[in-house]
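To start, the structure itself, in structure tokens.
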Amino acid sequence: MSDAAKLLVGSAVERMEDARFLSGSGNFADDLAVEGMLHAAILRSPIAHARIVAIDVSAALAMPGIRSVITARDIGDAIPIIPLRLAPLPEFEPFCQPVIASDKVRYVGEPIAVVVAESRALAEDALETIGIEFESLSAVTERGASETPLFDFAEDNVALRYDAGFGDPDAAFASADYVRTERFSVQRHTALPMETRGLLAEWNSLAGRLVVTGATKVTFYNRRALARMLDLGQDDIDLIEIDVGGGFGVRGEFYPEDFLIPFAARKLARPVKWIEDRREHLMAINHSRDVACELSLACRSDGMILGLRGRVFADMGAYIRTNGGVVPAKAAQFLPGPYRIPNVSVSVEAFMTSKTPVGTYRGPGRFEANFFRERLIDMAAMDLGIDVAEFRRKNLITEQELPYPIDGLVPYEGPTSYDTGDYVEVFERALKEIGWHEKRHLQGKLIDGLRHGIGLGCFVESGGAGPKENAALTLEKDGSLTVAVGSSVLGQGLETVLGQIASDTLSIPLDRIRVLHGSTTLLDEGFGTYHSRAVVMGGSAVLDAATRLRERISEQASNHLGRPNSELRIVNASVVADNGASVSFATLAAGGELQADGTFSNDVRTYSYGTHAAHVTVDPRTGAVKVLDYVAVEDVGRAINPAIVHGQAIGAIVQGLGGVFLDHLIYDDQGQLLNASLADYLVPTASDFPVLRAVTLELRPSPSNPLGAKGAGEGGIVAVAAATANAVAAALAPLNVEIRHLPLTPPRLWRLIKDARERATNAA
Amino acid sequence: MKLPPLDYICPATLTEAIAALAVHGGNAKVIAGGQSLVPMLAFRLAAPSVLVDIGQLPDLKSISISAEGIDFGALVTWRDIECDTRLAQVHPLLAAAIAHVAHYQIRNRGTVGGSMAHADPAAEMPGIAVTCDAMLTIVGPNGTRILRADEFITGGLSTVLEADEILTSIRLPLWKKARRWAFEEFAPRHGDFALAGVAAFYDIDAQGLAYNAHIGVIGVADRPMRLPGVEAVLDGRRIDADVILQAAAAARDAVDPADDIHAEAAYRRDLLGVLLERALARAADITLPEAA
């Protein structure tokens, strides 16, 4: 019934949040200031593994402006434990993190005390006076490197092992013409959102209610967790989401501070604000990646893959946090990728070390798995004398084979299948975009002192996790629309996207729509933003609510105009009857509230897919890599806003290139984090990788949801290491250098080249 | 990352500033652009009780060129150097080196005096000052002293500056017109501290032979330094590919860098050789056959 010419879904509408951000009118956690507000700073363990013998806070308490110093003793005998939100395997539970260290510290950065003061600076001054007597224990910084168990109940530091798979890999490997096994690894790094975490907790002692502002990602889940820990009813707590400067998976999970700051506010009956500084961010926020893999591929001599075996080893850090074993489980699950591999076995070992705990970061496990597999595919193709593109083409799952089941690779998940797509067509598009046929003669060539390489990386990427999302739409008295949704907004443009969906259904212009999101005050229940689910789930819930609201508007209009529904059209925020009579939404809403709830439930996942291609040069004398051209091609099913999807893709590529070349959390053998500042932890800046391209396709909509959308936030990062490392490897192939480990820093590439030369010299 | 408790004073004259430093002894610290000191304060790696801001002192913000040399007031910023169109002619080596200093925001505030006084071993300005035999003017309660840059820097992040002294200006000797020169540095990202860097110049005599060679390096030791052994390879020679390779080999032998989280020592040593080859080839305007 609406005017099809003006549909916003599918058009590159300017983001309605941008004016707010660009004019400095955003409202972020550090912008919050309320009467009587105190400031918290957290004393974090300076050593990796130790028993806490004594804590002396007397000097701190005596300092001016200090209102409280909270340690485990103040919290009580039973220190709350941060629960597993995802992958709740019972094996992990004993390794979950207490909200504050009581008898032992297990990583540098673990909270030991909270100082609450009249200013953050005073709080930090007081931190320096807290005396802690430690009894030092050996740090555990590698797998199997130490006999020291980090947990008294455990015999070793392995939290979980499992095997999974399908087909008959043993037979496949036994009968294969060709087998190659390699070890790969991706270094520990993290997402580094521009805005660090921050919270303002306000306790109303009269009402016995708590309001925490600065929450995001999974606010409803976090409210339940916090209510249990504080022994409050969930309805006694509001978690409020305001503007968020980036999440990428790490921000918004339940962290120790999500308990400690509300606890302090209640204890003192004063508002307490905490803003994470960048130094503590680097040691406190979830780290990620840090996965090693021993991967084997079995092929026929013609390059047909017969089987794959992968052993995944994941350094989980000192505790299992909310994401459980998602990182290693997904690193194992995505090892087969978009290829027809009938026989697969994977094993996962998640082990504990004296480092910051690990959680999910954009493309968790996928970034790693695609790197491992795509590297090994290049090695195998090279060994077999088959062009690397032809090798992939031969093994990619064809459209006729979809849906393609990949059951049984994750023990805590049910059956799942790659849904729809044309993997080959997208692959060919990437070849065309990068100029594969024209440029492949450059592989390994030395031109003006630089070696050229072009690399490919194919992927499938899951998104749209269930179980559910909710939305509520209200037509306000002035005819404007309020959309409330359980999804979280972390700067990704979701306000605009959800507005577009509502606008099309209700024919209300975007500037008359406001989108409220994330806060627990908006809805009875919400499920949040992760796993590229906000458009698939939240968007579909908004669509459902909009459709229902539209019906209600029509009903009201029918009464008002005295015409049957069949004679009514919705045009530009009015209902028009065939006889020319019309009534505006504002008039209808003035007569009484018009509201509709919507929901979307789903237990299947979407699978976007694509291919990345990179053209790089390597200076073999310095190890410097320059990205000359990069293209990511992905079929996202349906792009609600192509400009936003494009921005997501480009941003994700940059972030991924950071993971390939720069980002690296470096620990020494004492468990000290050596680069907890942005002078030493290097991230890509806007000018580091200027030539990036993304092609978003809408070839095959998702069958799982009415929008046809597949997740689009992570496909831009998941194959970056794969394609880029393959390009670097191709450039250096004439020097007999193989790439197995990230990051590819200039000194590390230089070392690989030097060692290869020395091997060649010794062999000669 | 809040600053430790401290007082702040902003004197109007050099005399007042020195007096303030003298009163507080070792507990006072001079601040100019704050681009090194403020992060150190935020990390609480430095905890002076008083900051003496020299930002308002007169006469320290100009770049003047005379027959005596090129004088930089201590408060001259990287941006001032970048924008001074004379410098590309008058001291092209300096202009080239300063293009590598840090990122926009830092370039607007960071000062040459601050960089010299901080004496980071990978910083460009101290490297140029040492390479070019810059003379530094230091004012204290007992008057003025003038030191050559290599006498001024005594080690990693350390100088001869007394607690009550202020570095007020840096004089680079005048640049010869036909001088051969190049600056090369390598950093993980543009603007980062160099993993290694080379500033090189020499003059050519009537026979076409090099003399007065100055080869300075940064990022490969605890301080910037000249490499006399490398200079000796160049002086009196016609600069060709062979000489350049000899010089690069001498440079690799001359330094003994340390391992750190950014690079192993062997990398920096080798990188220095590569950078010197490239610098000298560019200075001599010849193309080296690239080993690869």
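The values are calculated or read from the model by the stated rules, or taken from the named source; none is laboratory data. As the structure is a prediction and not an experimental result, all values here were calculated from the model. All Cβ positions, glycine included, derive from the backbone under ideal geometry; neighbour counts span all protein chains shown. The accessibility values were calculated without ligands, DNA or RNA, using every heavy atom of the protein model including side chains. Shrake-Rupley method; radii C 1.70, N 1.55, O 1.52, S 1.80 Å.
Applying a 10 Å radius around every beta-carbon, put B:192-203, A:268-279, A:402-413 in order of their mean neighbour count, most first.
Working: B:192-203: 24.9, A:268-279: 20.0, A:402-413: 16.1.
Ranked by mean Cβ neighbours within 10 Å, highest first: B:192-203, A:268-279, A:402-413.
Report Rg (one decimal) and Dmax (nearest whole number) for chain B, counting Cα atoms only, units Å.
According to the Cα coordinates of chain B, Rg and Dmax are 19.5, 63 Å.
Considering amide H positions built from the backbone, and no H for Pro or chain starts, which residues 5 or more places from A:L38, or on another chain, come under 5 Å of its amide H?
Counting only residues 5 or more places away or on other chains, the set is A:V272, A:K273.
Place a point 7 Å from Cα of A:D170 in the direction of its Cβ. Which residues in segment A:284-311 have their backbone N less than 20 Å from it?
Inside the label zone: A:295-299, A:306-311.
Could you tell me the calculated FRET efficiency between B:S64 and B:S158, based on Cβ-Cβ distance and R0 = 25 angstrom, to the nearest 0.05?
Details: r = 29 Å, r/R0 = 1.16.
Once the sixth-power term is evaluated, E becomes 0.30.
If you place +1 on the Cβ of every Lys and Arg and -1 on the Cβ of every Asp and Glu, how big does the dipole about the Cα centre of chain B come out, in debye to the nearest 20? The partial results should precede the final answer.
Values: 25 positive and 36 negative charges, 100 e Å.
Dipole magnitude for chain B comes out near 480 debye.
Using just the C-alpha positions of segment B:63-172 as equal point scatterers, what log10 of I(q)/I(0) does the Debye formula give at each q in 0.14, 0.19, 0.22 1/Å?
After summing over all Cα pairs, the log10 values are -0.51, -0.95, -1.27.
Could you tell me which residue out of A:F95, A:A117, A:I75 lies farthest along the dipole of segment A:62-117 toward its positive end? Charges go on the beta carbon: Lys and Arg +1, Asp and Glu -1, centred on the Cα centre.
The residue sitting most towards the positive pole is A:A117.
Per residue of segment A:319-332, what does 6.51 cos²θ - 1.76 cosθ + 1.60 with θ = phi - 60° give for ³J(HN,Hα)? Whole Hz please, x for Gly and Pro, Karplus curve as stated.
Calculated HN-Hα couplings, in order: 9, 8, 9, 3, 7, x, x, 4, 4, x, 5, 6, 4, 6 Hz.
Tell me, what ³J(HN,Hα) does each residue in segment B:253-269 have, in order and in whole Hz, if you take phi through Karplus 6.51 cos²θ - 1.76 cosθ + 1.60 with θ = phi - 60° and put x for Gly and Pro?
Coupling constants for segment B:253-269: 6, 7, 10, 9, x, 9, 5, 8, 5, 8, 6, 6, 4, 4, 5, 4, 4 Hz.
I need to check one value: relative contact order of chain A, counting alpha carbon pairs closer than 8 Å and at least 6 residues apart, in percent.
Details: 1968 pairs, mean separation 124.1, N = 764.
For chain A, the relative contact order is 16 percent.
Give me the residues in segment A:265-305 whose solvent-accessible area, probe 1.4 Å, is reduced by at least 50 Å² once all protein chains are included instead of the chain isolated.
A:R279
Residues with amide H under 5 Å of A:I397's amide H, sequence separation 5 or more or different chain, H placed in the peptide plane at 1.01 Å from N; which?
A:Y339, A:R340
Only Lys, Arg, Asp and Glu count, each charged at its Cβ (+1, +1, -1, -1), so figure out the dipole size of segment B:180-284 about its Cα centre, rounded to 20 debye. Don't skip to the end; give the middle numbers.
Numbers: 11 positive and 17 negative charges, 49 e Å.
Its charge dipole is roughly 240 debye.
For segment B:7-53, what is the accessible area per residue in Å², given a 1.4 Å probe and the full set of protein chains? Intermediate results must be reported in sequence, preceding the final value.
On the way: 2190 Å² over 47 residues.
That works out to 47 Å² per residue.
Set Lys and Arg Cβ to +1 and Asp and Glu Cβ to -1, take the dipole of chain A about its Cα centre, and tell me which of A:I285, A:Y319, A:P64 lies farthest positive.
A:I285
For segment B:63-172, what does the accessible surface come to per residue with a 1.4 Å probe? Please give it in Å².
On the way: 4220 Å² over 110 residues.
Here the per-residue accessible area is 38 Å².
Could you tell me the accessible area of A:L86 in Å² (1.4 Å probe, neighbours in place), rounded to the nearest ten?
40
With the Cα gyration tensor of the protein assembly as shown in hand, convert its eigenvalues to equivalent ellipsoid semi-axes via √(5λ) and list them largest first in whole Å.
Numbers: eigenvalues 517, 297, 186 Å².
For the protein assembly as shown, the ellipsoid semi-axes come out as 51, 39, 31 Å.
FRET efficiency for A:R161 and A:R278, Cβ-Cβ distance as r, R0 = 30 Å, nearest 0.05? Don't skip to the answer; put the middle values down first.
Values: r = 36 Å, r/R0 = 1.20.
The calculated FRET efficiency here is 0.25.
To the nearest 100 Å², how much accessible surface do chains A and B hide from each other in total, with a 1.4 Å probe? Provide the component values of the computation, followed by the final result.
On the way: alone 27370 and 13800 Å², together 38540 Å².
When A and B are taken together, about 2600 Å² of accessible area is lost.
Would you calculate a helix-derived [θ] at 222 nm for chain A, using -39,500 (n - 2.57) for each DSSP H run of n ≥ 4 and dividing by the full residue count, to the nearest 500?
On the way: 20 runs with 207 residues, N = 764.
The helix-only estimate for chain A comes to -8000 deg cm²/dmol at 222 nm.
State in Å² the accessible area per residue of segment A:107-160; use a 1.4 Å probe, count heavy atoms of protein chains only, and round to the nearest integer. Show your work: numbers first, answer last.
Working: 2280 Å² over 54 residues.
Counting only protein heavy atoms, the per-residue value for segment A:107-160 is 42 Å².
Placing +1 on the Cβ of each Lys and Arg and -1 on the Cβ of each Asp and Glu in chain B, which of B:P121, B:V255, B:Q56 has its Cα farthest towards the positive end of the resulting dipole?
Sorting the options by dipole projection puts first B:Q56.
Name the residues of segment B:248-271 whose accessible area falls by at least 50 Å² when all protein chains are present instead of the chain alone, probe 1.4 Å?
SASA drop of 50 Å² or more in segment B:248-271: B:I261, B:H262, B:E264, B:Y267.
How large is the charge dipole for segment A:227-333, taken about the Cα centre, if only the Cβ atoms of Lys, Arg (+1) and Asp, Glu (-1) carry charge, to the nearest 20 debye? Don't skip to the end; give the middle numbers.
Values: 14 positive and 16 negative charges, 74 e Å.
That gives segment A:227-333 a dipole magnitude of about 360 debye.
For the protein assembly as shown, which whole percent of the accessible surface, found with a 1.4 angstrom probe, sits on carbon and sulfur atoms? Could the numbers behind the result be given before it?
Working: 19820 of 38540 Å².
So the carbon and sulfur contribution to the accessible surface is 51 percent.
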